[in-house]
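S.K.: Dumping the structure here so I can ask a few things about it.
The values are calculated or read from the model by the stated rules, or taken from the named source; none is laboratory data. What you see is a predicted model, and the numbers here were worked out from it, not measured in a lab. Every residue, glycine among them, receives a Cβ derived from its backbone with ideal geometry; neighbour counts consider all protein chains shown.
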Amino acid sequence: MNGRADFREPNAEVPRPIPHIGPDYIPTEEERRVFAECNDESFWFRSVPLAATSMLITQGLISKVKVNKYGDTWDE
């Protein structure tokens, strides 16, 4: 032992390298399903909350007259 931890298992299977994915790559049906699910989840769990939060903050600033409707800021 040379002071370093050896995390390799003696009979571990070595993963194959990822194939080159170019413009001619055609995803499988399962990959298409995963891509569609990922797009759907990212829309509902990232885009919608970010847009709603930004809208509420902007509306709050406009109603408190910190920002006018054109985006200019001023102090009271």
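S.K.: Pairs, please: C-beta under 9 Å, at least 6 apart or cross-chain, first residue modelled with pLDDT under 75 and in the stretch 51-76, second surrounded by fewer than 11 Cβ atoms within 10 Å (Cβ to Cβ) and aromatic (Phe, Trp, Tyr)?
M.R.: 65/74; 66/74; 67/74; 68/74
S.K.: I'm told residue 42 meets every condition in (1) touching a Phe, Trp or Tyr at 6+ places or on another chain (Cβ under 9 Å); (2) modelled with pLDDT of 70 or more except one. Can you identify the failing condition by its number?
M.R.: Just one mismatch for residue 42, condition (1).
S.K.: Within the stretch 29-36, is even one residue at pLDDT 85 or above and loosely packed, with under 10 Cβ neighbours inside 10 Å?
M.R.: Yes - at least one qualifying residue is present in the stretch 29-36.
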